[in-house]
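S.K.: Just passing along the structure, written as structure tokens.
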Amino acid sequence: MMELPDLVAGGLAAGTLSALALGGGLLRLRRQQTRQRAEIAALRTQLEGSVRAFTAEVEHLADRRVPAAARQVAHPHVAEPGPLQPLTTGTPLGIALENVVLALQSEVAAQRTRVDAAAQAGMRGATREIQAALYRLQDALRGLQQRYDDPELAQTLFRLDHENEQSLRRAQVTAVVCGAWVGLAREESHLVDAVTGGQARLAGYHRVQVHNHLETGTALVSHAVEPVAIIVAELLDNALRHSAPDTDVVVSLEHVHHGVCVTIDDAGLGMTRDERDRAQRLVAGDDLILLTDLGDPPRMGLAAIGRLTRQFDLGVDVSSASPYGGVRAVLRVDSHLLSRLDPADRPPAASAPRTTRKAAADRPAPSHAYGTESGVPEAAPGHHEPSDTDGLPQRRRRSPAAAPEESPALRPAHSPAPSPAPSPARRPEEAAAALGALQSGTAAARAAAENAGADGHGDTPADRTGETDHTHHTDHTDIEGEAAR
């Protein structure tokens, strides 16, 4: 039987062991709590760093990326900054931020298109009213031209009519850019008449030299006449604006395999590669045209060309340089837009440049329409052929101090060319008599045309407005040159 001291000693030993075990457990627990506290502190620090990084990324998105993404919609060359922390690329956070940018750009583009469409609709309505007022003014000016025979008044009315024609062209171009119809109904016309008609709508038309190398009777189908005239006018306007006032703009009309090409060469400053690429995109008509993309003030000429090339299946190229150092613009009219008119029944305008091509079987073209009595093709108005030509159009610089030559439109078809010797100056009485005679002849011809229209065989007012006016304004300048003598 165990004695009491042994029991006490055993209990004490067991208690000691239990205390030691409890102390070790408490020590381990304390150490574990310390580690957990350190881990929690590290996690808290990491979380705070992540929050700060996320906050900085969101602020960077709002301050830098979102404005740049919105500007990039209108200006693709603007660079959009990437995320502030490159390590976020490809992570869920980075993907979410990229989706925010893409959604923003999509919505901005949609809203921009809707706003621009509303602006274009408003512009169409405004230009429609302006065009109607200008057409009424044009009719009033023509009525005055037919009513009065005073030469000085006639010359003033001619100038006003030409200014009105230029205003009509600007309004028409604006309407075309905004999606409106060209505004004029035409019948089939000689292609050279459409080209000279576009030329006559410009202030500097006297600097344009047209070389006609087409076959006699080459014409445009009715729905292509006005678009071609508008495109030629805008291409010539760009050429005249961006070249020196003492240089000429050369226009050549040539047959090609798939139709006809109208080539316009200027001696201006030319364009840089970026400008040429942008101009080519505009005239191609493949991209959506927005008014906000056309500058301030908006330059609508190339945009109008793009609209017309897409609508009427025409082709325009401005990507090459002119041999004179400027820009070469080429308008291609395919065969399905071409027609043929009999020059005997419907000759081209008297002021239109005669073709350099001979008639079939090497016979000269009829003298009343294109050729001359000797069978040698006459030069285009204002064009001087050198003595040693090699088949290429030659240019001559216009001298500001030179006296104006007599217009070919006022010379009889069979009269010999004037000698290069300077002719004596005309007296004001002779100029007034010439203007009065031409005014009377014009009034008689218009009266005959109106009588024919009353019988149901004449042109519509839209046809007379579109086609006859082209030569009308060209003749006016010749008359003004005569009066200046």
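The values are calculated or read from the model by the stated rules, or taken from the named source; none is laboratory data. The shown structure was predicted, so the numbers you read here are calculated from the model rather than taken from an experiment. Here Cβ is always computed from backbone atoms with ideal geometry, including for glycine, and neighbour counts include all displayed protein chains. The area values use the complete protein model at the heavy-atom level, side chains included, leaving out ligands, DNA and RNA. Shrake-Rupley method; radii C 1.70, N 1.55, O 1.52, S 1.80 Å.
S.K.: Multiply the residue separation of residue 19 and residue 320 by 0.36 nm, subtract the distance between their alpha-carbon atoms, and state the gained length in nm to one decimal.
M.R.: Result for the pair: 98.4 nm of gain on full extension.
S.K.: Over the heavy atoms of residue 43, what accessible area does a 1.4 Å probe trace out, to the nearest 10 Å²?
M.R.: 110
S.K.: Next up: I'd like the FRET efficiency for residue 254 and residue 160, computed as 1/(1 + (r/R0)^6) with the beta carbon distance as r and R0 of 35 Å, rounded to 0.05.
M.R.: Numbers: r = 36 Å, r/R0 = 1.04.
Using R0 = 35 Å, I get an efficiency of 0.45.
S.K.: For the pair residue 181/residue 147, report the inter-label distance in nm, with labels modelled 7 Å from Cα in the Cβ direction.
M.R.: 3.1
S.K.: Under a Cβ-Cβ cut-off of 9 Å, what is the net charge of the residues other than residue 237 that fall near it, where Lys and Arg count +1 and Asp and Glu count -1?
M.R.: Details: positive: 169, 201, 241; negative: 234.
Taking every Cβ under 9 Å from that of residue 237, the sum is +2.
S.K.: Taking every DSSP beta bridge that has both residues in the range 154-284, what percent is antiparallel when rounded to the nearest 5? Intermediate results must be reported in sequence, preceding the final value.
M.R.: Details: 9 of 14 bridges.
Within the range 154-284, antiparallel bridges account for around 65 percent of the total.
S.K.: Could you give each residue of the range 259-269 its phi-based ³J(HN,Hα) in whole Hz, using Karplus coefficients 6.51, -1.76, 1.60 with θ = phi - 60°, and x for Gly or Pro?
M.R.: x, 9, 10, 10, 9, 10, 10, 10, 10, x, 7
S.K.: Rounded, prolate or oblate for the range 106-189? Axes are the square roots of the Cα gyration tensor eigenvalues, ordered a ≥ b ≥ c, and the cut-off for rounded is a/c under 1.5.
M.R.: Values: a/c = 3.92, a/b = 2.90, b/c = 1.35.
Prolate, because a/c is 1.5 or more and a/b exceeds b/c.
S.K.: Compute for the range 148-269: radius of gyration divided by Kirkwood radius, i.e. Rg/Rh, restricted to C-alpha atoms, rounded to two decimals.
M.R.: Values: Rg = 15.6 Å, Rh = 15.7 Å.
Ratio of gyration radius to Kirkwood radius for the range 148-269: 0.99.
S.K.: Any idea what Rg and Dmax come out to for the range 32-181 if you just take the C-alpha atoms, in Å?
M.R.: 32.0, 116
S.K.: Would you mind classifying the range 223-266 by shape? Square roots of the alpha carbon gyration tensor eigenvalues, ordered a ≥ b ≥ c; an a/c under 1.5 is rounded, otherwise it is prolate if a/b is larger than b/c and oblate if not.
M.R.: Oblate, because a/c is 1.5 or more while a/b does not exceed b/c.
S.K.: If I stretch the segment between residue 36 and residue 96 completely, what's the gain in nm (0.36 nm per residue apart, minus their alpha carbon distance), one decimal? Please report the intermediate quantities before stating the final value.
M.R.: Values: separation 60, 0.36 × 60 = 21.60 nm, distance 3.33 nm.
Working it through step by step, the gained length comes to 18.3 nm.
S.K.: Which cross-chain or sequence-distant (5 or more) residues have an amide H under 5 Å from the amide H of residue 183, H modelled 1.01 Å from N in plane?
M.R.: Amide H neighbours of residue 183, under 5 Å, 5+ apart: none.
S.K.: Another question about this same structure. Rounded if a/c is under 1.5, else prolate if a/b is larger than b/c, else oblate: which is the range 303-351, with a ≥ b ≥ c the root eigenvalues of its Cα gyration tensor? Don't jump to the answer; show the numbers that get you there.
M.R.: Details: a/c = 2.77, a/b = 1.53, b/c = 1.81.
Because a/c hits 1.5 or more and a/b fails to exceed b/c, the range 303-351 counts as oblate.
S.K.: Okay, next question. Could you order peptides 12-23, 241-252, 76-87 by the average number of other Cβ atoms within 10 Å of their residues, highest first?
M.R.: Numbers: 12-23: 10.0, 241-252: 18.8, 76-87: 12.3.
Put in order of decreasing packing, that is 241-252, 76-87, 12-23.
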